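Below is one structure, written out as structure tokens; comments come after it.
Readers should treat all values here as calculations from the given coordinates under stated rules, not as data from a laboratory. Quick caveat: nothing in here was measured; it's all calculated off a predicted structure. All Cβ positions, even for glycine, are placed from backbone atoms using ideal geometry, and neighbour counts span all protein chains on display.
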Amino acid sequence: LSERSSVLQQAENVAEAFHQLADGLQRLSQESNTQLGDAITDVNHLTTQLAALNQQIREREVDPKNHANTLRDQQDLLLKQLAEKINITSFTTDAGQVTVLLGGGRPLVEGIQSFNLATKVDPDDPQRLLVDLNDSQGNGTEVTAQIRSGHIHGLLVGRDTVLPRLQAGLDRLAA
């Protein structure tokens, strides 16, 4: 009888360990969504700053004798920070303003206007957030699949690929 209760206790311990691991994976997924929201906020802050710098450069360089080299240095730094967060392409116009495009070619900064990213709940999976790019009228276009590098891409891959694989492996072990 004591061997039987010992085996039952060990089985309960194993089951509890599986539950704790599954709960931990669920928490990691939720934390990924929180970090995704924070990273989106950071991107929006950077694009707003770039649009403001575009305005300052435009105002400063009305007079051809004025050069906005310090502002351009700030632009370069912000572009580097933005590229660490998300895949972008950028170019400088003849007026010295930077245009920033998301990897799929949609504008994040154009002239003195920035376009915000936002998260929204995936209608097929309420535990998952998607990324929208809002146009000048505030209409969102889902761009999650266009994010192919940077910190945000890493969060998406971890949440959408790595964690589900770990969960599937855990499910196979538990079966």
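Below is a table of values for the structure above.
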item: Solution diffusion estimate, µm²/s, Stokes-Einstein, the chain, Kirkwood Rh from C-alpha pairs, 25 °C, viscosity 0.890 mPa s; result: 130
item: Gyration tensor (alpha-carbon) shape descriptor, region 1-88, a/c threshold 1.5; result: prolate
item: Projected label distance in nm at ALA174 and VAL121, using a 7 Å step from Cα toward the beta-carbon; result: 2.3
item: FRET efficiency estimate (nearest 0.05) - Cβ-Cβ, LYS80 to LEU101, R0 25 angstrom; result: 0.95
item: Burial ranking of peptide ranges 77-84, 27-34 (average Cβ count within 10 Å, highest at the top); result: 77-84, 27-34
item: Cα shape, region 52-91, gyration tensor, a/c 1.5 rule; result: prolate
